[in-house]
4 protein chains.
Amino acid sequence: MRILFIGDVMGEAGQEMFVETVPVLKRSLHPQLTIANGENATRGRGINEKVYKKLLKAGADVITMGNHTWDNQEIQEFIGSTKKLIRPANFSAGQVPGKGYTIVNVNGTKVGVLDMQGRVFMNPSDDPFAVAEEIISQLEKETPVIFVDFHGEATSEKEAFAWNFDGRVSAVVGTHTHVQTNDARILPQGTAFLSDVGFTGPYDGILGMRRSSVIRRFKNQMPTRFEVETSGGQTLGAVVIDVDDQTGRAKKIRNIRVDPDHPFME
Amino acid sequence: MRILFIGDVMGEAGQEMFVETVPVLKRSLHPQLTIANGENATRGRGINEKVYKKLLKAGADVITMGNHTWDNQEIQEFIGSTKKLIRPANFSAGQVPGKGYTIVNVNGTKVGVLDMQGRVFMNPSDDPFAVAEEIISQLEKETPVIFVDFHGEATSEKEAFAWNFDGRVSAVVGTHTHVQTNDARILPQGTAFLSDVGFTGPYDGILGMRRSSVIRRFKNQMPTRFEVETSGGQTLGAVVIDVDDQTGRAKKIRNIRVDPDHPFME
Amino acid sequence: MRILFIGDVMGEAGQEMFVETVPVLKRSLHPQLTIANGENATRGRGINEKVYKKLLKAGADVITMGNHTWDNQEIQEFIGSTKKLIRPANFSAGQVPGKGYTIVNVNGTKVGVLDMQGRVFMNPSDDPFAVAEEIISQLEKETPVIFVDFHGEATSEKEAFAWNFDGRVSAVVGTHTHVQTNDARILPQGTAFLSDVGFTGPYDGILGMRRSSVIRRFKNQMPTRFEVETSGGQTLGAVVIDVDDQTGRAKKIRNIRVDPDHPFME
Amino acid sequence: MRILFIGDVMGEAGQEMFVETVPVLKRSLHPQLTIANGENATRGRGINEKVYKKLLKAGADVITMGNHTWDNQEIQEFIGSTKKLIRPANFSAGQVPGKGYTIVNVNGTKVGVLDMQGRVFMNPSDDPFAVAEEIISQLEKETPVIFVDFHGEATSEKEAFAWNFDGRVSAVVGTHTHVQTNDARILPQGTAFLSDVGFTGPYDGILGMRRSSVIRRFKNQMPTRFEVETSGGQTLGAVVIDVDDQTGRAKKIRNIRVDPDHPFME
Ligand SMILES: [Fe+2]
Ligand SMILES: [Fe+2]
Ligand SMILES: [Fe+2]
Ligand SMILES: [Fe+2]
Ligand SMILES: [Fe+2]
Ligand SMILES: [Fe+2]
Ligand SMILES: [Fe+2]
Ligand SMILES: [Fe+2]
């Protein structure tokens, strides 16, 4: 099966880019499953129900989150009632609503989707290696096809996680830095890996935030409430992974970046 | 002019990859200036004189450093007597040996090379924006061609720095994460930018370090002295930038990754 | 001369405690100079002009600040027009309003008051050792009596700073942790030192913030806007230092904590 | 019962101070149980068997540890075979040797001793609130007398922990900052609390480390291997807590600091 994953959709700009581009990507690439990270979808901070539904309607089958999960309080009301929205599984056990993984049915094949968050340079969370070990041990009994969004800052932690679960999951795809990396590969035991898929939103912002505000903040270190950049074009970060349904092994991984300098060629 | 930059050369594996591959890249790409980050060149920690000379002999014209600058104490003895080795310019003013920038002559054209270090998720250093402002203001009087190695962790800081100096420097190329990013572009005023060029060394390590040790460390959080990975093939991260000698504006930027899965095609 | 310093005044509770207790302390201790840290004075976040004036009226001669300096935007409008309000001197040079030190006249003797901020576990700022070296070198020409509020988290940085300037300043008193330390001493060359003077505000909060909110945040790691605790009594953290006006050497240092369990005995 | 706790014993200087002073304290204060934090006992880094036995012989009944637990590798060989040496209970579950709590018998009364580590400004560990909840729930079935060493940096985390378990444990005493705080109190439900007991070792070092090295490091940010300060006198940080054996409620808490400026008065 072919899985398409779209990186952190950011604000209205990101939503629009998603709505415009994902259908084009789907027509061209024919993924059977489309997953998107939505932690910045509503004004850069979390996701509300309206935007969540908009992304589903535009083609997402599952939405993953990250450190911005709770920025929009509305999520607490609906995350518990849907199987299509997950937050990092290693969030404080028993203290927060929602789930960290889901199993979706893709034309008769079960696919486990797992959301994890790193601990290096990030807010404290439960041990991602230990929590993932437990969940993956369960998921393995259901299906060999397991996709992981590892939301983290440090390249070392992402690589260590992927190598640690090499052969046990189909793919580990990083999010959070908002910059796509150029290290897509299939590890020896069959796990597809990309450190970061990059984000989806303003091409001329800084990680999607208003450029002038971020630069000023770096210079004067004064508190600032960042808004999503409104000028300029849009970028979209994505990755496509082909997985053997029987073994769960990845057969191919290809990262995709769409932006004004690199329009998508069907 | 064409500038070739090679990311963090790591240990003997990285040195070998550099010695083998850089001449091939040079024959194919014909850069007039070759710069390499050498902060991990000697056993992963700093650089000693022997390795420094080896990299120069193998084709580097200037060596930049980063947070590992002082890991090998030997550098303190020779960094003061060469113009081809620089450390981050925003290291504590007046407290450390060496310089943070250099001017090299490339076929009659002066090129300023500046080494900077980020402050986000890194050890304290002087304000990179303020320090660079001062140095660039000086360099601008000498030449429009200025190349910056920004050694940093956070994508936001790298982007903010590049946008802030857009049009005043020819290129801002990031190092430190050891993972090449896929965001090479030329900003509106003519500065070429790549968040991270990636490293040069063991392809099957974690950021080049022994995989098993790093994974164990993430699991048990016990202190470990990491060694450079010895098994598997090698990778090399590079970027090529074409600059207009008269205006200093970048005309083209292309990132290059060489590894067992992607051999270099001349 | 005798200097009284009051730690981080927090919210209305802290203001009230200040207004009630400082006059009592002054009647009992007869300080010639009273300094207070006001970084949390207005609702826990920064200080506005009304509260600034209230603290002066209640007995403060100089107000120092810290990492919360800019939380209340109003300060930007009046910090430039008063000599009695200073912010950390190592804030980004040339990027922010206000000054980092002031000289006040106490019965004919000049006293330099310097506000510094640490870099360990805090937002980036300019090198406190280098910036203080420069300012103290200037102040020394004016007066031997110099008082420093070092606003920082790490005990190591505070101790290192005090020892480094031992004999050149009359006192280094820490703030920011909101917990008074029990290490008051006079260093060999005559600098009085206390790692942290503690804060002034709700005794039953957590660092003065609402207890229930802070505990919940530690458990679920969800974003929370903390408010100042409203229940329970108040605490006040202070230190009294006797300085030789001629030499600037401290002769005595005594830390004072007032709270429901320890009422102040005149 | 009366419990005496001694803060981080550091290097040979700290050992000597412990050997000299603890017997004096015991003769004067008559504690039934003496606990000491030994994370820096052997040359400032961890503890080996020889020093562990030395501290027991000199009067410690239980040794707790902290973030330096594994600095001396020898501990891995004997921590598993003793009930008198514990490391933070929230170290990576199942990945490290040793235990995080112990139950000792004091004249017929069971006392639970629990070692915890903070997560703010420290290396990642499991959630201290969740782990402590589980262990304390077990210990409560055995005895109402429970003593906690909370090894942490941030005052907020220590206060939040103590308030959260107020009434369920007899005492929460902080370690790690190496500076004694002046906030000893008994919380409303009966838990004695002190943010930090301070350390035991060189009075004229910086947190016990060689002063000149630490200052130089703050100025030049170069890597340095710190050694324990050898010049000057010694300090000892301690706290004495009286607990009702039947209810486990603390009746009294008194912090003690011994140093050349404050010799212990019997
Ligand atoms: Fe994001
Ligand atoms: Fe994120
Ligand atoms: Fe590096
Ligand atoms: Fe680096
Ligand atoms: Fe404060
Ligand atoms: Fe503060
Ligand atoms: Fe310690
Ligand atoms: Fe510690």
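The values are calculated or read from the model by the stated rules, or taken from the named source; none is laboratory data. No experiment lies behind these values; they were computed from the predicted model shown. Virtual Cβ from ideal backbone geometry, glycine too; neighbours counted across all protein chains shown. Surface areas here come from the heavy atoms of the whole protein model, side chains and all, with no ligands, DNA or RNA. Shrake-Rupley method; radii C 1.70, N 1.55, O 1.52, S 1.80 Å.
Points worth noting:
- Annotation: D:PHE121 fulfils all but one of (1) open to solvent by 20 Å² or more (accessible area, probe 1.4 Å); (2) outside any loop (DSSP other than H, G, I, E, B); the unmet one is (2).
- Within the range D:203-234, considering residues that are within 30 Å of C:ASP259 (Cβ to Cβ) and open to solvent by 10 Å² or more (accessible area, probe 1.4 Å), the one farthest from the chain's Cα centre (by Cα): D:TYR203
- Selected residue (criterion: farthest from C:SER92 (Cα to Cα)) from residues of the range C:126-144 that are open to solvent by less than 40 Å² (accessible area, probe 1.4 Å) and of a type in the set (Asp, Glu): C:ASP127
- Unmet requirement for D:ALA89, which otherwise passes all of (1) away from chain B (no Cβ under 14 Å); (2) within 19 Å of the chain's Cα centre (by Cα): (1)
- Residue count for the range B:1-43, restricted to those that are open to solvent by 10 Å² or more (accessible area, probe 1.4 Å) and farther than 14 Å from B:THR200 by Cα: 11
- Residues that are over 15 Å from B:ALA36 (Cα atoms) and more than 11 Å from every other protein chain (Cβ to nearest Cβ) occur in the range B:147-155; there is at least one.
- Cβ-Cβ under 8 Å pairs, at least 6 apart or on other chains, the range B:246-266 side in contact (Cβ under 8 Å) with a residue 40 or more places away in the chain, far side surrounded by fewer than 13 Cβ atoms within 10 Å (Cβ to Cβ) and among the basic types (Lys, Arg): B:GLU266/B:ARG27
- Test: residue in the range C:16-31 that is touching a helix residue (DSSP H, G or I) at 6+ places or on another chain (Cβ under 8 Å) and either within 16 Å of ligand 5 (Cβ to nearest atom) or over 23 Å from C:GLY248 (Cα atoms) (or both): yes
- Test: residue in the range B:196-214 that is under 17 Å from B:LYS252 (Cα atoms), assigned to a loop (DSSP other than H, G, I, E, B), away from chain D (no Cβ under 14 Å) and at pLDDT 95 or above: yes
- Failed condition for C:GLU133, given (1) in contact (Cβ under 8 Å) with a residue 24 or more places away in the chain; (2) within 12 Å of another protein chain (Cβ to nearest Cβ): (1)
- Test: residue in the range C:237-244 that is touching a residue at least 24 places away in the same chain (Cβ under 8 Å) and either under 17 Å from D:LEU194 (Cα atoms) or within 16 Å of ligand 1 (Cβ to nearest atom) (or both): yes
- A:MET222 vs. criteria more than 14 Å from chain C (Cβ to nearest Cβ), without any contact (Cβ under 8 Å) to a residue 12 or more places away in the chain and part of a loop (DSSP other than H, G, I, E, B): no
- Tally of residues being open to solvent by 30 Å² or more (accessible area, probe 1.4 Å), more than 16 Å from B:MET10 (Cα to Cα), among the charged types (D, E, K, R) and part of a loop (DSSP other than H, G, I, E, B) across the range B:49-103: 5
- Taken over the range B:184-195, the residue count meeting the criterion of being under 17 Å from the mean Cα position of the chain (by Cα) and either more than 14 Å from B:ALA160 (Cα to Cα) or more than 9 Å from chain A (Cβ to nearest Cβ) (or both) is 5.
- Residue in the range C:143-164 that is over 18 Å from the mean Cα position of the chain (by Cα) and of a type in the set (Phe, Trp, Tyr) present: yes
- Residue that is farthest from ligand 8 (Cβ to nearest atom), among those in the range C:184-202 that are free of Cβ contacts under 8 Å to residues at least 60 places away in the same chain and open to solvent by less than 20 Å² (accessible area, probe 1.4 Å): C:THR191
- Sub-6 Å Cβ pairs linking a first residue in the range A:149-171 that is over 23 Å from A:ARG2 (Cα atoms) and away from ligand 5 (no atom under 16 Å from the Cβ) to a second residue that is at pLDDT below 95 and open to solvent by 20 Å² or more (accessible area, probe 1.4 Å), at least 6 apart or interchain, number zero.
- Residues (out of contact with any strand residue (DSSP E or B) (no Cβ under 8 Å at 6 or more places or on another chain) and either crowded, with 24+ Cβ neighbours inside 10 Å or of a type in the set (S, T, N, Q) (or both)) located in the range A:163-177: A:ASN164, A:THR177
- Residue within the range A:163-172 that is away from ligand 3 (no atom under 16 Å from the Cβ), among the aliphatic types (A, V, I, L, M) and not in a strand (DSSP E or B) present: no
- Checking each residue in the range D:105-118 for being assigned to a strand (DSSP E or B) and either more than 15 Å from C:LYS219 (Cβ to Cβ) or open to solvent by 30 Å² or more (accessible area, probe 1.4 Å) (or both) picks out D:ASN105, D:VAL106, D:THR109, D:LYS110, D:VAL111, D:GLY112, D:VAL113, D:LEU114, D:ASP115, D:GLN117.
- Taking (1) under 16 Å from C:GLU77 (Cα atoms); (2) part of a strand (DSSP E or B) in turn, C:ALA36 satisfies each apart from (1).
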